[in-house]
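Beneath this line is the structure, given in structure tokens, with notes to follow.
The values are calculated or read from the model by the stated rules, or taken from the named source; none is laboratory data. These figures come from a predicted structure and were not determined experimentally. All Cβ positions, even for glycine, are placed from backbone atoms using ideal geometry, and neighbour counts span all protein chains on display. Protein only, heavy atoms only, side chains kept; ligands, DNA and RNA dropped before computing areas. Shrake-Rupley method; radii C 1.70, N 1.55, O 1.52, S 1.80 Å.
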Amino acid sequence: MRTKTVKRMITVSLAICMAATMMTGCGKKKVELNDGTFQEVDKAELEFPLKEKTELSGMISFPPNTESNPNNRTIFKRLQEQTNVEIDWTAIQSDQWGDKIALSMANPEELSDFVFSAGFGDSDLLKYADQGIIIALEEYIDAYMPNLKAVFDKYPEYRTMCTDTEGHIWALPWIEQLGSEKTAIQTVGNMSFINKKWLDFLGLEIPETVDEFEQVLIAFRDNASKLQEEFGIEGSIIPMSCIVNDGDQDPAILINGFGEGYGDADKGRHIAVTDDKQVICSATQEGYKKGIQWLHKLNEEGLIDPEAFTQEWSTYVSKGKSGRYGVCFSWDVANIDNLKDWVPLPALTADTTNVTPQNGSFTSGFDRGRCVVTAVAKNPALVCAWLDQMYAPMQSPQNNWGTYGEEDEFDIFEMSKNEEGEDMLKHAPLGDESPVEVREAESVGGPLAILDEYYGKYVTCPDDAQYRLDWIEEYYTPDMHTKYVYPNVFMNREDTEELSNLQADIQKTINAKKSEWIMEGFTDADWDEYIKSLEAYGLEDYLAIFQKYLDSFYEDAE
């Protein structure tokens, strides 16, 4: 511990010196950073509301076109009343957050006590930890954060997922449970949806195989004029639209049935876990090859939107809202068109029938780097105690979705009662209001935890989440034959950086070839060259790093 502390003190001193030289010149005010040693205080000093008003400082992001002053948001107004703590916020618009927070983290003089909506990746956390810019939180959690500690005690896997290889917790997490294991809402991101109104009009059934699916798309194409006339559609009929390589709008779920059935659910890392706990590259499997060949066939037949490889989200939604799609992909079809005319498309059978859940999904929504406490904080115990209020069961849902009792018409919740007669947040009817816009106007994000047992006790489940949970359980869970997903593991800094370097070329190559091959097709020689290029970029080392942590994860579990 002494060695660690000395190392951090040296790093902090260097960071201060560099910042002072670059930003303020000699003789100007310097920022004092603590060395990360746990600072114990009397718990009585942390009882809210504090006897005397106290000010802390924080940094936060906010969505464009919403309230820019956090202290004008009802949630923070109430928190100030409840705690007698006022936050001096530095608020940054979310579309500028990445660049500006990186600059602030490099200059201690611009830092606040905590960064509320950091969203830092593992490499960021470990870099800032080594630089002494952020402090370890595990002792503060155990001593002064009873709400978060209760979550960790009940679900120890979350504590494990927050802890680095040296036993330190560098950030406070965001946790959102909606279902678990193979029924979790995160198991399938890019759902495929089919236009049931069109199917009924043309007398077609929902397809179950890739061949039946192709015939349905052909029917949409060949009956375009009838569909336009019947439903008053302006613009050309598009049998299937998507955005290739764009998260939930990607069509990868369609090819899960080819070959071994792995598909390509992890569109960022392109990995999957076999039933014998081996990490493989999903984009080098025979099933992936056959699936891309099949998608090229659909494209050749004019069944895929020509703009699928280049269109922006706004264009994709605009065409969808015009009623022009027969099949589309998204987290929720209501984002693209409407709920009443569409149904989820079940897993298609090719060589097999399978849905590969997304990696990390079995432990629900999780962000390891949501909030950090910086070495600028003079009273880190108070900072942590205040941040622990975000983990209170009635507070977390409000931070995540919005609040109640505001003076305008925008309210996500009504204050209601549960079956025991206790206060419960009930999702309010929004009418024609967009849930996303209401949430952005009211919510504050940051560190929080919403557990499955909260629903019906502290808060109701959002309607859009509930119908999505129902879809997954009905349409997808029965075909999730894969035993494992890659877990949320916290790698050391060396492996994190090496993996990031390797992933840059590997992901770029996979995504580029995927787009190119769906558009233009490819030969066996092209495929062989593709495999060789991935191997040259270090695919074997890439998979070995993942395998190392997967093995360790299951060794610890046993």
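A few points about this structure:
- Spin-label model, residue 436/residue 40: points 7 Å from Cα along the beta carbon direction are separated by 5.0 nm.
- Descending semi-axes in Å of the stretch 184-247, equivalent ellipsoid built from Cα gyration tensor: 24, 15, 11
- The tail of the calculated P(r) for the stretch 266-323, taken as Cα-Cα distances beyond 13 Å, holds 73 percent of the pairs.
- Debye log10 I(q)/I(0) for the stretch 48-152, one point scatterer per Cα, at q = 0.17, 0.20, 0.23 Å⁻¹: -1.00, -1.26, -1.36
- Rounded to the nearest whole Hz, the Karplus-based 3J(HN,Hα) values (6.51 cos²θ - 1.76 cosθ + 1.60, θ = phi - 60°) of the stretch 369-376 follow the sequence x, 5, 9, 10, 9, 8, 6, 6, with x at glycine and proline.
- When the stretch 331-410 is reduced to its Cα atoms, the Kirkwood hydrodynamic radius in Å: 18.1
- Global geometry of the stretch 472-512, whether rounded, prolate or oblate, following the gyration tensor of its Cα atoms and the 1.5 cut on a/c: oblate
- Overall Cα dimensions of the stretch 405-507 - principal axes, largest extent first, Å: 51, 35, 29
- Estimated Rh, the stretch 167-220: Kirkwood, alpha-carbon pairs, angstrom: 14.9
- Per residue, the chain exposes 44 Å² of accessible surface when a 1.4 Å probe is rolled over the protein heavy atoms with every protein chain present.
- With eigenvalues of the C-alpha gyration tensor scaled by 5 and rooted, the stretch 128-186, Å: 24, 14, 10
- Under 5 Å, built H, 5+ apart or other chain: amide partners of residue 33: none
- Flagged links, alpha-carbon separation over 18 Å, of 290/508; 267/321; 196/297; 290/514; 289/513; 182/514: 290/508; 267/321; 196/297; 182/514
- Amide H contacts for residue 349 (H built 1.01 Å from N in the peptide plane; partners 5 or more residues away or on another chain; cut-off under 5 Å): 209, 210.
- 10 Å-binned pair-distance histogram of the stretch 454-522 (Cα, whole percent): 14, 19, 26, 32, 8, 1
- Peptides 234-241, 183-190, 89-96 ranked from most to least packed by the mean count of surrounding Cβ atoms within 10 Å: 183-190, 234-241, 89-96.
- The figure for residue 172 is an accessible area of roughly 0 square angstrom, using a 1.4 Å probe on the protein chains alone.
- Cα shape, the stretch 255-390, gyration tensor, a/c 1.5 rule: oblate
- Cα-based radius of gyration of the stretch 42-96 once divided by 2.2 N^0.38 Å, which approximates compact folds: 1.31
- When Rg and the Kirkwood Rh are both derived from Cα coordinates, the Rg/Rh ratio for the stretch 202-299 amounts to 1.07.
- Here the chain exposes an accessible surface that is 46 percent carbon and sulfur, computed with a 1.4 Å probe and the other protein chains kept in place.
- Based on Cα contacts under 8 Å between residues 6+ apart, the chain shows a relative contact order of 21 percent.
- Note on the chain: the C-alpha convex hull projects to 28.4 nm² when averaged across all orientations.
- Excluding exposed DSSP-loop trypsin sites (Lys or Arg not before Pro) (at most 13 other C-beta within 10 Å), longest clean stretch of the chain: 54-276
- Using the Karplus relation 6.51 cos²θ - 1.76 cosθ + 1.60 with θ = phi - 60°, the per-residue 3J(HN,Hα) values for the stretch 273-281 come to 10, 6, 5, 9, 6, 10, 7, 10, 8 Hz, with x marking Gly and Pro.
- Reducing the stretch 251-270 and the stretch 520-558 to their Cα centroids gives an inter-centroid distance of 15 Å.
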